[in-house]
Amino acid sequence: MSQPSLWEVWGDHSTSPDKVVLVTGGSGLVGKAIEHVLLAEEGRVNERWVFVSSKEADLSDLTAVQALFDKVKPTHVIHLAAMVGGLFKSLDNNLEFLRTNIIINDNVLQTSFERGVQKVVSCLSTCIFPDETPYPIDETMLHNGPPHSSYFGVAYAKRLVDIQNRAYNLKHGCKFTAIISTNVFGPHDNFVIHGGHMVPGLIHKAYLAKKNKTELIVWGSGLPRRQFIYSKDLAKIFIWALREYEDFEPIIATVGEDEEFSIRETANMIVKAMNFTGPVRFDTSKSDGQFKKTTSNARLLKHLPGFQFTPTQQGLQETCDWFNDNYELARK
Ligand code: NAP
Ligand code: GFB
């Protein structure tokens, strides 16, 4: 989707805002949801939010990161930018996921420290937790054992952010923390079929199957289980953490354990939302990946009691409607 490399929300509101928030990865699924939620807020606060894509600065290049921070002069950072992909991209590229994300994260955190940023909220993923573990998984279990082999590269790179946050806090008192998100979906996702995530990939496949009157092929057995968070819900959690969460301990952002679905159930919800009436087949020659990574949202709800998650079927309907309406422009 056509997008400037840097854009602002409320940039014209104040010449001396209380906060200048830099959002790395602003052009992605989560970044666009944060922008959407901010624009829908009632009453403007004294903040300037600056969103950037990779076209503004390649964050794997330290000099580019330093130049970006000198240009934007952020007081706060939401750090979303990463090498991102689904199971099948990860299986072939663990080395690249490991190295690229280690470099990006180190560049952003060290530059934030050097430039006196007051708070950084980074985005981690529930794939970083140990594979062999009691359930539900909570934040205290993060370093208890190896992650699933299918995404050890991104998992270890992102686990290190938690270690870095602790180290910057102990050494310099920095308020660097992280939100650990379960699988996300929503408008502006990357709907690429090969290499992307399951939900946007299946939405795109269902679109093509409907158009071409072919079967819909779901990869794997359909038995693995996942929790999903709608991107606009995750966006609200990031905005809250940026404004109000003062600790460096990470927080898991997920729906409840009772909102976990099998891939088969999720595919059925997508079929319904896309109004696809053709045959659905499971290709069991394809990998299932991790069976499940059921996480607890108890710490999140302790801070945000009563937080209302969008029901998964409703979020999927909104996402499918967005994809149908924006097919030509969507990333795919
Ligand atoms: P996305 O839609 O693929 O967006 C990725 C963003 O990162 C884009 O804005 C991209 O910029 C930027 N980016 C990538 N490489 C960069 C680089 N070298 N320099 C600067 N920017 C770069 O991904 P997303 O789903 O929003 O992911 C956001 C965060 O959530 C990531 O940290 C991801 O690991 C985490 N997360 C995602 C999921 C999920 O299911 N999607 C689940 C858990 C956690 P361009 O647009 O210019 O390419
Ligand atoms: O979203 P996904 O690729 O990643 O989902 P993870 C993989 C699961 O969906 C496997 C099944 O069980 C696949 O067999 N699946 C069915 C499909 N059809 C499809 C399809 O068309 N495309 C894809 N991709 N899968 C992610 C990590 O793991 O977890 C991310 O890859 C991120 O990096 C996220 O951390 C939280 O859910 O296995």
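A 1.4 Å probe over all protein chains sorts Leu29, Leu109 by accessible area into Leu29, Leu109, starting with the largest. For the stretch 62-112, applying the loop criterion from DSSP together with a ceiling of 10 other beta carbons within 10 Å to the chymotrypsin sites (Phe, Trp or Tyr not before Pro) yields no site.
For the stretch 69-159, the list of GluC sites (Glu not before Pro) that fall in a loop by DSSP and count at most 11 other C-beta atoms within 10 angstrom reads Glu132. Between Val184 and Ile229, the built amide H atoms are under 5 Å apart, and every one of these is 5 or more places off in sequence or on another chain.
With the helix formula -39500 (n - 2.57) applied to DSSP H stretches of n ≥ 4, the chain reaches a computed 222 nm mean residue ellipticity of -12500 deg cm²/dmol. The accessible surface of the stretch 129-253, taken with every protein chain in place and a 1.4 Å probe, is 56 percent carbon and sulfur.
His188 sits with roughly 50 Å² accessible to a 1.4 Å probe, with DNA, RNA and ligands left out of the calculation.
Only protein heavy atoms count here; under a 1.4 Å probe, Asp321 has an accessible surface of about 70 Å².
Would you mind calculating the gained length between His143 and Phe291 on full extension (0.36 nm times residue separation, minus the Cα-Cα distance), in nm to one decimal?
Full-extension gain reported as 51.4 nm.
What's the extension gain from Glu246 to Glu114 if we count 0.36 nm per residue and subtract their Cα-Cα distance?
45.5 nm
For the stretch 129-251, the dipole from Cβ point charges (+1 on Lys and Arg, -1 on Asp and Glu) about the Cα centre works out to 600 debye, to the nearest 20.
Seen from all directions on average, the stretch 177-219 presents a Cα convex hull projection of 3.9 nm². Using the Karplus relation 6.51 cos²θ - 1.76 cosθ + 1.60 with θ = phi - 60°, the per-residue 3J(HN,Hα) values for the stretch 248-261 come to 9, 5, x, 10, 6, 10, 8, 6, x, 5, 6, 9, 8, 10 Hz, with x marking Gly and Pro. With the simple spin-label model, which puts each label point 7 Å out from Cα in the Cβ direction, the Arg99 to Ser262 separation comes to 4.1 nm. With a simple spin-label model that places each label point 7 Å from the Cα along the Cα-to-Cβ direction, the separation between Glu42 and Lys73 comes to 3.4 nm. Using a probe of 1.4 Å on the protein chains alone, the accessible area found for Met141 is around 30 Å². Of the residues Leu202, Thr266, Ala235, the one whose Cα sits farthest toward the positive end of the charge dipole of the stretch 192-332, with +1 on the Cβ of Lys and Arg and -1 on the Cβ of Asp and Glu, is Leu202. Translational diffusion of the chain was estimated from the Stokes-Einstein equation, with Rh taken as the Kirkwood radius over Cα pairs; at 20 °C and 1.002 mPa s the coefficient is 106 µm²/s.
Think of each Lys and Arg Cβ as +1 and each Asp and Glu Cβ as -1; about the Cα centre, that makes the dipole of the chain roughly 460 debye. Compared with the direct C-alpha span, the chain from Lys272 to Thr133 gains 46.7 nm at full extension, assuming 0.36 nm per residue. Of all the options Thr75, Thr100, Thr214, the one that moves most in a Gaussian network model of the chain with Cα springs shorter than 10 angstrom is Thr214.
Average accessible surface for the chain: 43 Å² per residue, computed with a 1.4 Å probe over protein heavy atoms with every protein chain in place. In a simple Cβ point-charge model (Lys, Arg +1; Asp, Glu -1; nothing else charged), the stretch 196-332 has a dipole of about 540 debye relative to its Cα centre.
The values are calculated or read from the model by the stated rules, or taken from the named source; none is laboratory data. Predicted model, so just to flag it, every value in this text is computed and none were measured. All Cβ positions, glycine included, derive from the backbone under ideal geometry; neighbour counts span all protein chains shown. With ligands, DNA and RNA removed, areas are computed over all heavy atoms of the protein, side chains included. Shrake-Rupley method; radii C 1.70, N 1.55, O 1.52, S 1.80 Å.
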